[in-house]
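The values are calculated or read from the model by the stated rules, or taken from the named source; none is laboratory data. Since we're looking at a predicted model, the values are computed, not measured. Note that each Cβ is placed from the backbone with ideal geometry, even for glycine, and that neighbours are counted across all protein chains shown. Side chains are part of the model used for accessible areas, which takes the heavy atoms of the whole protein and leaves out ligands, DNA and RNA. Shrake-Rupley method; radii C 1.70, N 1.55, O 1.52, S 1.80 Å.
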Amino acid sequence: METNTGFMKALKCRECGREYPLAATHVCEFDFGPLEVVYDYDRIKRSLTRTVIQSRPQSMWRYRELLPVAGEPTVGCQVGYTPLVKADRLAKRLGIRELWVKNDTVNYPTLSFKDRVVSVALSRARELGFSTVACASTGNLANSVAANAAAAGLKAYVFIPSDLEQGKVVNSLVYGATVIGIRGHYDEVNRLCAEIAGKYGWAFVNVNMRPYYAEGSKSMGFEIIEQLGWTVPQHTVVCMASGSLLTKIHKSYQEFMKLGIVGESRYKIHGAQATGCSPISTAQKAGLDFFKPVKPNTIAKSLAIGTPADGFYALKVMKETGGAAEDVTDDEVRDGIKTLAETEGIFAETAGGVTVGVAKKLIASGQIPQDASAVLCITGNGLKTLDAVVGHVGQTREIKPSLREFEALLEKDNKLINA
Ligand SMILES: *Cc1c(COP(=O)(O)O)cnc(C)c1O
Ligand SMILES: [Zn+2]
């Protein structure tokens, strides 16, 4: 048993409030409710101020009191503090006054927001004495577990649906992890992993380590507030797989307000899904508190979870903050990717296309007013999902290495423009 638990107090059931020791465990024994980390906010308030945060290195760990490790982090110490880009050209294209892009396509080391959650989960796994880590993944999580485990000298088993994009598969294999492709959807991968986690003494980052893992997502929200000059954005658009990131961005805004790091502010958090896997947005649009599980069929594979673990809580956050949800077709996802790339020079993966496509819809429908300011959470890098856009982004113009051919090409283009 640990004696020092840092700023953490216990794990607590979100349903009945029963408390549990800070071990590798994730569900309540009485009602199967999910467990969540409880902190000592009085002590945190005495330790964490704007000045203290600003004096620390630019990584997600500058907010370490609000992240669930007992001592100093040992894995992923350089993760986070990705750019918040003022996206004027995208704002103009989508018809809104002010827009910001939180750009996790360049997160360290594996180019997605998952480096945040993995950094926390593996640091905590080490504190709890694990030497083998594992995960059930739609792709990015597998990449991040594989890379961060390699760098930390931990053994890694990653489980993915066998039909993932090449980019995601190669990005797990290269680090030497054992990659297991399951012939089935993510939900089946996840079910198998729950069985394996119960049987082997491994730290499954999103199963038995989930209470710690999920807290890592808060760092994206903390950074947004700090990078906006210590203000909470009026509107935040977040894509949803399990729905966890959306709920944790809400929690991060709440914690900064509770600690007095920012003043009380009103804000709306909006959820984005792909139409081919939209259990949460479908429920939100129908005004329901519960979602109906679906069988995923979309190019946005990183978001393809048909039975989202935090779907219920994501719906609650949207309702409480007055946020909306929308979903977009595969063609709209590709449009979203292209729009972001052409206006801001940022190449996002399919999940980013979902966020941009949904933002466009919410602005057009007035659910995000034209005179408002919004932040789009762009969570993964386009180089990993090339399969989704090949053949949809135009093609190379091929010529011989001759000036004459080049000039003929230019002349043809000019004729087309003038015609
Ligand atoms: C995992 C993931 C998300 C969202 O995950 P949640 O399960 O909803 O927290 C968003 N974007 C990308 C690229 C992801 O890999
Ligand atoms: Zn309970």
Close pairs from segment 167-180: first among the small types (Gly, Ala, Ser), partner part of a strand (DSSP E or B), Cβ under 6 Å, at least 6 apart: Ser172/Val158; Ser172/Val179; Ala177/Ala156; Ala177/Val158
Checklist (1) within 30 Å of Arg56 (Cβ to Cβ); (2) open to solvent by 10 Å² or more (accessible area, probe 1.4 Å); (3) in a helix (DSSP H, G or I) applied to Thr282, failing item: (1)
Scan of segment 387-417 for residues that are open to solvent by 80 Å² or more (accessible area, probe 1.4 Å) and closer than 30 Å to Asn107 by Cα, ordered by number: Asp387, Val390, His392, Val393, Gln395, Thr396
Ala241 being aliphatic (A, V, I, L, M) and in a loop (DSSP other than H, G, I, E, B): yes
Subset of segment 181-203 (residues that are crowded, with 18+ Cβ neighbours inside 10 Å and touching a helix residue (DSSP H, G or I) at 6+ places or on another chain (Cβ under 9 Å)): Ile182, Tyr186, Trp202, Ala203
Flag for Lys45 being within 15 Å of ligand 2 (Cβ to nearest atom) and among the basic types (Lys, Arg): no
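Mind listing whichever residues of segment 15-35 are surrounded by 15 or more Cβ atoms within 10 Å (Cβ to Cβ) and either of a type in the set (Asp, Glu) or within 16 Å of ligand 1 (Cβ to nearest atom) (or both)? Spell out the reasoning first.
The initial filter retains those residues of segment 15-35 that are surrounded by 15 or more Cβ atoms within 10 Å (Cβ to Cβ), namely 18, 20, 22, 24-28, 33-35.
Selection gives His26, Pro34.
Quick one: would you say Glu2 is open to solvent by less than 80 Å² (accessible area, probe 1.4 Å), touching a Leu at 6+ places or on another chain (Cβ under 9 Å), modelled with pLDDT under 95 and not in a strand (DSSP E or B)? Spell out the reasoning first.
Numbers: open to solvent by less than 80 Å² (accessible area, probe 1.4 Å): yes; touching a Leu at 6+ places or on another chain (Cβ under 9 Å): yes; modelled with pLDDT under 95: yes; not in a strand (DSSP E or B): yes.
Yes.
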Residue match in segment 348-365 (condition: within 13 Å of ligand 1 (Cβ to nearest atom) and hydroxyl-bearing (Ser, Thr, Tyr)): yes
Only listed residue being surrounded by fewer than 24 Cβ atoms within 10 Å (Cβ to Cβ) and within 19 Å of the chain's Cα centre (by Cα), chosen from Thr231, Thr247, Thr275: Thr275
Any hit, segment 275-289, residues being in contact with a His (Cβ under 7 Å, 6 or more places away or on another chain), of a type in the set (Lys, Arg) and in the same structural domain as Gly357 (by TED's automatic domain parsing): no
Residue, farthest from the chain's Cα centre (by Cα), within segment 45-56, restricted to residues that are in contact (Cβ under 8 Å) with a residue 24 or more places away in the chain and under 19 Å from Arg116 (Cβ atoms): Leu48
